[in-house]
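K.L.:
Sharing a structure, written as structure tokens. Questions coming.
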Ligand code: SF4
């Protein structure tokens, strides 16, 4: 059965009109759903005839919460969510003073193969639909009893490898009839799929593009990210400049610091040189150890020294606070330990 969350307003209007009912009902149905009512029979201002037709054709499609973990250290929640086909994904909610942020997954697994990431260890299972990604936000809102005001597409999956579903998700999450979350409160993270970055730029969203760079040159990047064999740093930086020229938005570069791999002061100098003059911000992330890759994070002192080089060279830099590390909140780790448990590993 179709998930009604996969439809945008025009599509639902069309469907309702085609079923012989008034198309303005579409907006009323979405009012209920996006306010957290997921049962057609509870939609009191909708005629019974339409409620029955909707119930016969659609499910309201929010995933089931299988597990919820709360960090001891901060206000981070991690949810394991199960879709109707039994697939599991993870979603992280961070509660800040200024509002609630969610980090959503866009694919089940991932085929990009980044060596520091647990999401990719079992490859990609399938894309998530727009409605399934929306379902993560709705399930989390329902559970925490509060509104999500920031969305980060940085969970399992490469968002630009699932372009049509992800852009439809962006449209609905941003729309007034949907979740009405401002585009400037949305961040999309990519490992650098150059043609899709350009396509996204052409769509003129005002979202923040976060690019996983993780290296100051192609040689190191290729050791960490197979996608670097396909697109060079020069091509990625060109696509970033194009994104900036189209949107006037600052790019965020994500840089996972791995001890002995990409964390030397020379690496910091090289990174500063290639980013010089670009409207950008660097987010340094002490790497999360994934057992298989043998990576470890640099010392606090080395992280501070790396950051200081960038700052001295005029590159705006922050070191990301590690949130929820006691609940495996890093990308893909929790889903993986859950799946291992199920398999009895
Ligand atoms: S970091 Fe992102 S793109 Fe790379 S493997 Fe993990 S989920 Fe995929």
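The values are calculated or read from the model by the stated rules, or taken from the named source; none is laboratory data. Worth saying up front: this structure is predicted, and the values here are computed from it rather than measured. In this analysis, Cβ positions are derived from the backbone assuming ideal geometry, glycine residues included, and neighbour counts consider all displayed protein chains.
K.L.:
Would a scan of segment 174-182 turn up a residue that is assigned to a helix (DSSP H, G or I) and more than 27 Å from residue 263 (Cα to Cα)?
P.N.:
Yes, segment 174-182 has at least one match.
K.L.:
State yes or no: is residue 116 in a loop (DSSP other than H, G, I, E, B), within 16 Å of the ligand (Cβ to nearest atom) and in contact (Cβ under 8 Å) with a residue 12 or more places away in the chain?
P.N.:
So residue 116 fits the description; yes.
K.L.:
Give the residues of segment 144-157 that are in contact with a helix residue (DSSP H, G or I) (Cβ under 9 Å, 6 or more places away or on another chain) and in contact (Cβ under 8 Å) with a residue 60 or more places away in the chain, sorted by residue number.
P.N.:
155, 156 - these are the residues of segment 144-157 that are in contact with a helix residue (DSSP H, G or I) (Cβ under 9 Å, 6 or more places away or on another chain) and in contact (Cβ under 8 Å) with a residue 60 or more places away in the chain.
K.L.:
Of all residues being in a helix (DSSP H, G or I) and modelled with pLDDT of 95 or more in segment 144-164, which is farthest from the ligand (Cβ to nearest atom)? Just the residue, please.
P.N.:
By that ranking, first place goes to 164.
K.L.:
If we only count helices (runs of 4 or more DSSP H) wholly inside segment 7-59, which ones have 1 or more residues that are under 16 Å from residue 178 (Cα atoms) and touching a helix residue (DSSP H, G or I) at 6+ places or on another chain (Cβ under 6 Å)?
P.N.:
Result: 9-18, 25-34.
K.L.:
Would you confirm, using the coordinates I've provided, whether residue 251 is within 26 Å of residue 194 (Cα to Cα), modelled with pLDDT of 95 or more and either in contact with a strand residue (DSSP E or B) (Cβ under 7 Å, 6 or more places away or on another chain) or outside the structural domain of residue 93 (by TED's automatic domain parsing) (or both)?
P.N.:
yes
K.L.:
Please work out which one of (1) under 15 Å from the mean Cα position of the chain (by Cα); (2) assigned to a loop (DSSP other than H, G, I, E, B) is the condition residue 168 fails and give its number.
P.N.:
(2)
K.L.:
Then there's this: Is it true that residue 74 is more than 16 Å from the ligand (Cβ to nearest atom), part of a loop (DSSP other than H, G, I, E, B) and surrounded by 15 or more Cβ atoms within 10 Å (Cβ to Cβ)?
P.N.:
Yes: the conditions hold for residue 74.
K.L.:
Only one of 131, 157, 146 is on the phi > 0 side of the Ramachandran plot and touching a strand residue (DSSP E or B) at 6+ places or on another chain (Cβ under 7 Å). Can you tell me which?
P.N.:
So the residue among 131, 157, 146 that is on the phi > 0 side of the Ramachandran plot and touching a strand residue (DSSP E or B) at 6+ places or on another chain (Cβ under 7 Å) is 157.
K.L.:
Do we find that residue 189 is closer than 29 Å to residue 228 by Cβ, within 16 Å of the ligand (Cβ to nearest atom), in the same structural domain as residue 249 (by TED's automatic domain parsing) and buried (at least 24 other Cβ atoms within 10 Å of the Cβ) in this structure?
P.N.:
The answer is no for residue 189.
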